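*Asks:* Provided herewith is a single structure, encoded as structure tokens, for subsequent inquiry.
The values are calculated or read from the model by the stated rules, or taken from the named source; none is laboratory data. None of the values given here were measured: they were computed from a predicted structure. All Cβ positions, even for glycine, are placed from backbone atoms using ideal geometry, and neighbour counts span all protein chains on display.
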Amino acid sequence: MKKILTLVLALVLTTGLITGCSTSGKTDEKKIKIGYVNWAEGIAMTNLAAAILEEKLGYEVEMVLADVAPVFTSLASGNTDVFLDTWLPVTHGEYLEKYGKDIVDLGISYENALIGLVVPSYVEADTIEELIEQKETFGGKIIGIDSGAGIMSATEKAIEAYGLDYELVNGSGPAMTAALKKAINNNEAIVVTGWTPHWMFSSWDLKVLKDSKGIYGEAENIHIYSRKGFEEDKTEAAKFFQKYTFTDEVLSDLMGAIEESGKDPLETAKEWMNNNESQVNSWLGK
């Protein structure tokens, strides 16, 4: 009986050690989960990061598409490693107020980003106030993106602040650009929730309506945020993300390549990576 108890105890201790080794200390250093939202710049930056992490640094990358609110929730809980598309100080400010203590800023990836209401240049309106008298021209609708996006919250505030009798239509980034393309092809008036950087500004002649009340804020910066502990257990990847910065020219070129290729964004991102070796090496610290 003593021998049996000794064997059972030894088995329990051994199992505990094995389990402890697999769940304590550094976690699965070569696997990374990146959350992203269906926005043009986020798709571009995320897929290129995945290509570089996999091809150049040997990581296994999982990209998870979701609305912005669940992405921040998952990041704060540690279930997602990184999110590359945090707009500050205005657009995603509310999420930083809620989750800021549980996530880590790895740095700015793009400066002077801008959100607002966008129309084709041929539309006879230059300010948001001018939309008031042109409700019929625009069909009384502002074509938006996903409901949890910061630009949608800002637009709801703008509708109230400017007294716009308009419906804000929920959708997605691709649905918004599809509606914009259709309107431009038919030379029709349309107003959408838009932002720069975005490939649509290089594809069509557009303008951002002046916002005299400052509802949409000034130019913002796009930050990369990680879960707590990411820098410690994914050190090599964290160093890469801290150098992962874009000029307007580089990001526009990448977004344009993805939009025009018609291929899977990851496949196009890998092609772009191979064609821009010096830029990629600068992010890798080479």
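*Asks:* Select from the stretch 220-252 the residues that are in contact with a Ser or Thr (Cβ under 9 Å, 6 or more places away or on another chain) and either among the acidic types (Asp, Glu) or surrounded by fewer than 16 Cβ atoms within 10 Å (Cβ to Cβ) (or both) and list them in ascending order.
*Replies:* GLU220, ASN221, GLY229, ASP233, LYS243, ASP248
*Asks:* Go over the candidates ALA154, ALA49, ALA113 one by one and state the one that is surrounded by fewer than 24 Cβ atoms within 10 Å (Cβ to Cβ) and in a helix (DSSP H, G or I).
*Replies:* ALA154
*Asks:* TRP87 fails exactly one of the following numbered conditions: (1) outside the structural domain of ARG227 (by TED's automatic domain parsing); (2) in contact with an Asp or Glu (Cβ under 6 Å, 6 or more places away or on another chain); (3) assigned to a strand (DSSP E or B). What is the number of that condition?
*Replies:* Only one criterion in (1) outside the structural domain of ARG227 (by TED's automatic domain parsing); (2) in contact with an Asp or Glu (Cβ under 6 Å, 6 or more places away or on another chain); (3) assigned to a strand (DSSP E or B) is unmet by TRP87, namely (1).
*Asks:* Any residue in the stretch 256-263 that is buried (at least 16 other Cβ atoms within 10 Å of the Cβ) and modelled with pLDDT of 95 or more?
*Replies:* No, the stretch 256-263 has no match at all.
*Asks:* Continuing with the same structure: Please name all residue pairs, on different chains or six or more residues apart, with Cβ atoms under 7 Å, provided the first residue is in the stretch 209-237 and is among the polar types (S, T, N, Q) and the second residue is surrounded by fewer than 20 Cβ atoms within 10 Å (Cβ to Cβ) and not in a helix (DSSP H, G or I).
*Replies:* SER212/THR127; ASN221/LEU88; ASN221/ILE108; ASN221/GLU111; SER226/VAL104
*Asks:* Does the stretch 182-189 contain any residue that is touching a strand residue (DSSP E or B) at 6+ places or on another chain (Cβ under 6 Å), in the same structural domain as VAL123 (by TED's automatic domain parsing) and outside any strand (DSSP E or B)?
*Replies:* yes
*Asks:* Which residue is surrounded by the fewest Cβ atoms within 10 Å (Cβ to Cβ), if the candidates are limited to the stretch 67-105 and must be β-branched (Val, Ile, Thr) and either at pLDDT below 95 or under 15 Å from the mean Cα position of the chain (by Cα) (or both)?
*Replies:* So the residue we want is THR73.
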